[in-house]
Amino acid sequence: NQNKDLNENVKDQQLDAFRVNNDGTKMTTNQGLKVSNDEDSLKAGVRGPTIMEDFHFREKMTHFDHERIPERVVHARGFAAHGEFELYESMKEYTRAKFLQEPGKKIPVFVRFSTVVGSLGSMDTARDVRGFATKFYTEEGNYDLVGNNIPVFFIQDAIKFPDLIHAVKPEPHNDMPQAASAHDTFWDFVANNREIAHMIMWVMSDRAIPRSFRMMEGFGVHTFRFVNDKGRSRFVKFHWKPVLGVHSLVWDEAQIIGGKDSDFQRRDLWESIEIGDYPEYELGVQMIEPEEEFRFDFDILDATKLWPEELVPVKRIGKMTLNRNVDNVFAETEQVAFHPGNVVPGIDFTNDPLLQGRLFSYIDTQLLRLGGPNFAEIPINRPVCPIHNNQRNGFSRQTINMGKVSYHKNSLAGNTPSTSTAKEGGFVHYEQKVEGRITRARSKSFDDHFSQARLFWNSMSPPEKQHIIDAFSFEVGKVKSKSVRQQVVDMFVHVDKAMAITIADNVGVNRPTGEQSKVTASSPALSQANTVKLPQT
Ligand code: HEM
């Protein structure tokens, strides 16, 4: 049984088969032919034209010409490291996922941190959301927790994602600004898509300028499901809590550091791992029983809402330690393919309409970015358990599938699916009951866009509030369209009137005349907003 010896080093051992050292080995062509001269092309006479016959020149140049692959459509700039995850306590009661059963069990992980908006060469300290994507190499296949450092998201339905990204990326006519939200199209999108209010409060806060990847939280954002071996499901949200605590830069530091060292955060991660000061994060889960689904005054399937930790405590179930830098950024950091749909038995999805759309988008983009359907064979993406199915061929196929059978069902080979029994471990989707009419509409339970935005504002200390006002004033102040600036302050009056008035004065528009929205909350969480503490900044 190949699964038997799985441990935290199993991925490293697998990668070893692909490593090629540059340790004085003689140069060859890709065909293994020893090269005698790598600096003069083959010419007709020493001053003559280069001749077509020069296969070495052609191979070398052609390969160079094809070195670039498309950068990620979002999260292009990232930095990654290897590590291990160790479980504190058995989660058997809640999930059948094998890596969450035995306390002390360790498995390998690969984590990529990123900014969202900037291109591959942008600066690390931009005001932006940070990606926090983890691949757990489990004995049941890869489980990807593709999260961010902010617990909520900009939009509620995946169909709006292309619009959000078109608005926040550099404007198409002049490709500016790079890696910044301080421009007309972004704030025009904000003012016309009010579900964004809560996320914008986080993005204008110090959370969007973390001090270090080692000092930020991670959140799965969506509501997922745990399913135990009896088939009982609970709603779950995932958290990463940095052992070093959460720390941010202040805006002036971010600007100055970014100007002097655009690699500030990747250097910090690299160096801390090189000197053995390993970054650590505890994995936390919030769980809600199925009977409690409608107990809250927000919809637990709405990705613009968090579950206040006072109402639904975070249980810390394990620790991740990042202890090894990559050997090659292209091979690993660039070619890694995360996908929220990579789950293992015991972890499942919900009807969150943002999550459902993500389940389509990641593989779709990777088919282009990584050149066809065989990217799961790239070393960093390979699971550490055996792979077997009837998929065949495609560009750059590496597996040599033996035998003549590549179809199901058959009588000539034994490649059948597994049953869902604990012994065989086949994945079955949670049998959720669904009802309703097909409609292109949104649930009314997704309509309250301001209560949690205000909850966030009210949970801030005075200096943190000042930073938020400064951030709005800087970012919105750069918007050329006065109408857009006015729309923004008119919208954020619904979060806090005094805040919106100060911003209006700072960005040169009329003070908003509207009133703060009535908080629709009935639960203790929102009606006592001032006393509810959000995760500490
Ligand atoms: C990367 C789409 C929402 C976290 C990406 C990529 C796409 C994408 C196309 C590039 C993937 C690649 O090239 O490998 C979407 C869509 C979303 C969405 C359509 C909403 C409908 C989110 C949310 C989160 C998130 C809510 C956080 C919970 C990430 C991260 C990466 C990423 C961390 C970078 C992964 C890496 O480091 O390779 N997303 N995304 N995304 N997304 Fe999303």
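The values are calculated or read from the model by the stated rules, or taken from the named source; none is laboratory data. Please read these numbers as outputs of a predicted model, since none were measured by experiment. So basically every Cβ, Gly included, is an ideal-geometry build from the backbone, and we count neighbours across all protein chains shown.
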Item checked: Residue selected from the stretch 376-408 under the condition of a type in the set (Lys, Arg) and at pLDDT 95 or above, by the criterion nearest to GLU332 (Cα to Cα) -> ARG382
Next item on the list: Only residues that are part of a loop (DSSP other than H, G, I, E, B), surrounded by 15 or more Cβ atoms within 10 Å (Cβ to Cβ) and in contact with a strand residue (DSSP E or B) (Cβ under 9 Å, 6 or more places away or on another chain): list them for the stretch 247-262, please.
Entry: LEU249
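Looking at the structure I just gave you, is ARG324 within 29 Å of LYS230 (Cβ to Cβ) and either among the charged types (D, E, K, R) or outside any loop (DSSP other than H, G, I, E, B) (or both)?
So ARG324 does not fit the description; no.
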Next item on the list: Would you tally the residues in the stretch 71-100 being assigned to a loop (DSSP other than H, G, I, E, B), more than 18 Å from ARG211 (Cα to Cα) and within 15 Å of the ligand (Cβ to nearest atom)?
Entry: 6
Next item on the list: Answer yes or no: is there a residue in the stretch 1-16 that is assigned to a loop (DSSP other than H, G, I, E, B), in contact with a Pro (Cβ under 8 Å, 6 or more places away or on another chain) and loosely packed, with under 13 Cβ neighbours inside 10 Å.
Entry: yes
Notebook entry, point to check: Can you tell me which of PRO103, PRO108 is part of a loop (DSSP other than H, G, I, E, B), at pLDDT 95 or above and either away from the ligand (no atom under 16 Å from the Cβ) or in contact with a Leu (Cβ under 7 Å, 6 or more places away or on another chain) (or both)?
Noted result: PRO103
Note to self: I'd like the full set of residues that are buried (at least 21 other Cβ atoms within 10 Å of the Cβ), of a type outside the set (A, V, I, L, M, F, W, C) and out of contact with any helix residue (DSSP H, G or I) (no Cβ under 7 Å at 6 or more places or on another chain), limited to the stretch 99-114.
What the structure shows: SER114
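Residue-wise test of (1) farther than 22 Å from VAL343 by Cα; (2) of a type outside the set (S, T, N, Q).
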site: ASN9; (1), (2): no, no
site: ASN22; (1), (2): yes, no
site: GLU39; (1), (2): yes, yes
site: PRO49; (1), (2): yes, yes
site: LYS60; (1), (2): yes, yes
site: ASP65; (1), (2): yes, yes
site: GLY78; (1), (2): yes, yes
site: PHE99; (1), (2): no, yes
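Quick one: count up the residues across the stretch 120-141 that are within 13 Å of the ligand (Cβ to nearest atom) and either in a helix (DSSP H, G or I) or in contact (Cβ under 8 Å) with a residue 60 or more places away in the chain (or both). I'd like the intermediate steps shown before the answer.
Going through the stretch 120-141, the residues within 13 Å of the ligand (Cβ to nearest atom) turn out to be 120, 128-135.
Imposing the further condition that a residue be either in a helix (DSSP H, G or I) or in contact (Cβ under 8 Å) with a residue 60 or more places away in the chain (or both) reduces the set to 128-130, 132-135.
The total comes to 7.
For ASN21, indicate whether it is within 23 Å of GLU332 (Cα to Cα) and either surrounded by 13 or more Cβ atoms within 10 Å (Cβ to Cβ) or among the hydroxyl-bearing types (Ser, Thr, Tyr) (or both).
Details: within 23 Å of GLU332 (Cα to Cα): yes; either surrounded by 13 or more Cβ atoms within 10 Å (Cβ to Cβ) or among the hydroxyl-bearing types (Ser, Thr, Tyr) (or both): no.
Here the answer is no, as ASN21 does not meet what is asked.
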Item checked: Looking only at the stretch 160-186, and only at residues there that are within 14 Å of the ligand (Cβ to nearest atom) and under 18 Å from the mean Cα position of the chain (by Cα), the one that is surrounded by the fewest Cβ atoms within 10 Å (Cβ to Cβ) -> PRO162
Notebook entry, point to check: How about the stretch 375-425: which of its residues are within 28 Å of VAL336 (Cβ to Cβ) and of a type in the set (Val, Ile, Thr)?
Noted result: ILE378, ILE380, VAL384, ILE387, THR399, ILE400
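Which one of PRO379, PRO417, PRO383 is of a type outside the set (Val, Ile, Thr), over 30 Å from ILE159 (Cβ atoms) and within 16 Å of the ligand (Cβ to nearest atom)? Step through it out loud before you land on a result.
Values: PRO417 fails: within 16 Å of the ligand (Cβ to nearest atom); PRO383 fails: within 16 Å of the ligand (Cβ to nearest atom).
One residue alone meets the criteria, PRO379.
Is one or more of the residues making up the stretch 354-363 away from the ligand (no atom under 14 Å from the Cβ) and either surrounded by 15 or more Cβ atoms within 10 Å (Cβ to Cβ) or of a type outside the set (Asp, Glu) (or both)? Give the steps one after another, and end with the answer.
Looking only at the stretch 354-363, we keep the residues that are away from the ligand (no atom under 14 Å from the Cβ), and these are none.
No - not one qualifying residue is present in the stretch 354-363.
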Next item on the list: Mind listing just one residue for me: the one in the stretch 395-415 that is polar (S, T, N, Q) and surrounded by 11 or more Cβ atoms within 10 Å (Cβ to Cβ) and, of those, nearest to the chain's Cα centre (by Cα)?
Entry: SER396
Note to self: Please go through the stretch 285-344 and give me each residue that is surrounded by 15 or more Cβ atoms within 10 Å (Cβ to Cβ) and aromatic (Phe, Trp, Tyr), ordered by number.
What the structure shows: PHE296, PHE298, TRP307, PHE338
Margin query: Let me spell it out: the conditions are (1) small (Gly, Ala, Ser); (2) closer than 23 Å to ARG72 by Cβ; (3) part of a loop (DSSP other than H, G, I, E, B), and SER406 meets all of them except one. Which number is the exception?
Written below: (2)
Item checked: Looking only at the stretch 217-261, and only at residues there that are in contact (Cβ under 8 Å) with a residue 60 or more places away in the chain and β-branched (Val, Ile, Thr), the one that is farthest from the ligand (Cβ to nearest atom) -> VAL250
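Is it the case, given these coordinates, that PRO313 is more than 14 Å from the ligand (Cβ to nearest atom) and touching a helix residue (DSSP H, G or I) at 6+ places or on another chain (Cβ under 7 Å)? Give the steps one after another, and end with the answer.
Details: more than 14 Å from the ligand (Cβ to nearest atom): yes; touching a helix residue (DSSP H, G or I) at 6+ places or on another chain (Cβ under 7 Å): no.
No; evaluated as a whole, the condition is false for this residue.
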